[in-house]
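**Student:** Sharing a structure with you now.
Nothing in this text is a laboratory measurement; each read-out follows from the coordinates by a stated rule. Just so we're clear, the structure is a prediction, and the values are computed from it rather than from any experiment. Don't worry about glycine lacking a Cβ; one is built from the backbone with ideal geometry, like all the others, and counts go over all protein chains shown.
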Amino acid sequence: MEIPSKPNVARGQPPTDTLVEPLLSIRNLSVAYRSSKGKGGYYKALRNISLDIRPGESVGLLGESGAGKSTVASAIMSLVEPPDKIMGEIIYNGKDVLKLTDKQLRHYRWNEAAMIFQAAMNSLDPVVTVGKSFEELLLDKQLARGRNHARELAKKLLHEMELPETICDMFPLELSGGMKQRVIIAMALATSPKILLLDEPTTALDAVTQFAVLSTLKKLKQSGKLQNLILITHDPSVHAFMVDRLIVMLKGVIVEDGPIEEVMTRPKHPYSQLLLGTLPLSPKRGSISEKLVDDSCPFTRYCPYVMQKCRDRMPKMYSVGEGQEAACYLYGGA
Ligand code: SF4
């Protein structure tokens, strides 16, 4: 059995860019959702994760359904509410997002962080023109001085998303899926949020339209109009096209984090290797969604390298390369 070689990186030497003050820090974040089946039971969606988002980064979250990717985004937007449970801290501008007052939260959402949910393009009001929807948003957010000003701003935002201003007079039903998604993104960018979270933004689109929408987003990022991007998708090729840094998640934990080129071409965690098709051995039989012992490595039942300690305790993140870390005992742990 060939075990992946250990990288030649000195322990305890953080990559230089970690010295940059983070824009957003997640610390020991756990989320548990109330189970719809059991009586009062909870399902752990995130298990004690920590990560920093640095200024200007485009970060991708990769993992299968149930990995916790969307829950990370919901937590950043402070959308986890009772009876669901959330613990830990999300520090932005020196304040814990999870402890903001309603007024502070209203400002934070949209002005600091905006999120585009899965299938958001279906949320456009079918009986209201695109221009009218923009007007309502821009006036509500006090970004426009009046209807005419709102219309001008709407045209500018649509132009940035490479849409013709004529669609202001169109209804959502008259737009293609790609156009609707561009409208939704233009609306999310109206307040110039510092962080834009995109949850499977192009999954419902055909490949050509998907590429066109992603290319527009990429141009906005390169021009600085889009500052920080957190992209959630199970599609590695979308991450490869869009982000600088990739975080791989499995069953509510982060198992690998590093520069996109490194993780895509030289994934270190066996689960990342499985996802990206480089695992040198067939994984053991079993379902990845099987219930896990709370404190074990989430890949224990599937991993060809499993050891007893993997079952006993979740490994911490070990440095596996320049700016790259993996939560796996193959790279450390007594
Ligand atoms: Fe496999 Fe153990 Fe590493 Fe988990 S910690 S991925 S079970 S070797």
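**Student:** For VAL127 and GLU322, FRET efficiency with R0 = 56 Å and r from the beta-carbon atoms, rounded to 0.05?
**Tutor:** That gives a FRET efficiency of 0.55.
**Student:** When DSSP assigns beta bridges and you keep just the ones with both residues in the chain, what percent turn out antiparallel, to the nearest 5?
**Tutor:** 60
**Student:** LEU139 to LYS225: FRET efficiency via 1/(1 + (r/R0)^6), r the Cβ-Cβ distance, R0 30 Å, to the nearest 0.05?
**Tutor:** That gives a FRET efficiency of 0.85.
**Student:** With each pseudo-label sitting 7 Å past Cα toward Cβ, what's the GLU162-ASN148 distance in nm, one decimal?
**Tutor:** 3.3
**Student:** Hey, how many Å between the Cα centroid of region 319-334 and the Cα centroid of region 191-245?
**Tutor:** Distance between centres, Cα-based: 28 Å.
**Student:** Going by alpha carbons, how many degrees (0 to 90, nearest 10) lie between the helix axis of 207-223 and the longest principal axis of the chain?
**Tutor:** It is inclined by approximately 80 degrees.
**Student:** So which aspartates and glutamates pass the test for LYS156, namely a Cα distance under 13 Å, with those fewer than 8 places away in the same chain ruled out?
**Tutor:** Excluding near neighbours in sequence, the set is GLU135, GLU165.
**Student:** Can you order the peptides 45-56, 146-157 by their average number of other Cβ atoms within 10 Å per residue, highest first?
**Tutor:** Listed from highest to lowest mean packing, they are 45-56, 146-157.
**Student:** Another one. How many nm is it between the label spots at ALA240 and ARG27, if each spot is 7 Å from the Cα in line with the beta carbon?
**Tutor:** Placing both labels 7 Å along Cα→Cβ, they lie 3.8 nm apart.
**Student:** Same structure, new question: Show me 122-132, 180-190 ranked by packing, highest mean number of other Cβ atoms within 10 Å first.
**Tutor:** Answer by packing, highest mean first, reads 180-190, 122-132.
**Student:** Can you list the residues, at least 5 places off or on another chain, whose amide H is less than 5 Å from the amide H of LEU23, using H built in the peptide plane?
**Tutor:** Close amide H contacts, sequence-distant or interchain: ILE53, ARG54.
**Student:** Another question, then. Got a sec? Charge dipole of the chain, +1 on Cβ for Lys and Arg, -1 for Asp and Glu; which of GLN104, GLN142, ILE232 is way out at the positive end?
**Tutor:** Farthest along the dipole direction, towards plus: GLN104.
**Student:** Can you list the HN-Hα couplings for region 241-254, worked out from phi with the Karplus curve (6.51, -1.76, 1.60; θ = phi - 60°), rounded to whole Hz and with x for Gly and Pro?
**Tutor:** Taking θ as phi minus 60°, the curve returns 7, 9, 10, 8, 9, 10, 10, 9, 10, 8, 6, x, 10, 8 Hz for region 241-254.
**Student:** Please give the charge dipole size of region 24-243, origin at the Cα centre, charges +1 on K and R Cβ atoms and -1 on D and E Cβ atoms. Round to the nearest 20 debye.
**Tutor:** 620
**Student:** For the chain, what is one quarter of the convex hull surface built on the Cα atoms, given in nm²?
**Tutor:** 18.8
**Student:** Further, regarding this structure: Over the Cα atoms of region 70-188, compute the convex hull volume and normalise it per residue, giving Å³.
**Tutor:** Expressed per residue, the convex hull around the Cα atoms of region 70-188 is 126 Å³.
**Student:** So, one more: What is the set of long-range amide H partners of LEU62 at a cut-off below 5 Å, with H atoms built 1.01 Å from backbone N?
**Tutor:** Under 5 Å from the amide H of LEU62: ILE247, VAL248, MET249.
**Student:** Along the charge dipole of region 24-243, pointing to its positive end and built from +1/-1 on Cβ of Lys, Arg, Asp and Glu, which listed residue (ALA120, LEU79, PRO201) has its Cα farthest out?
**Tutor:** Of the listed residues, the answer is LEU79.
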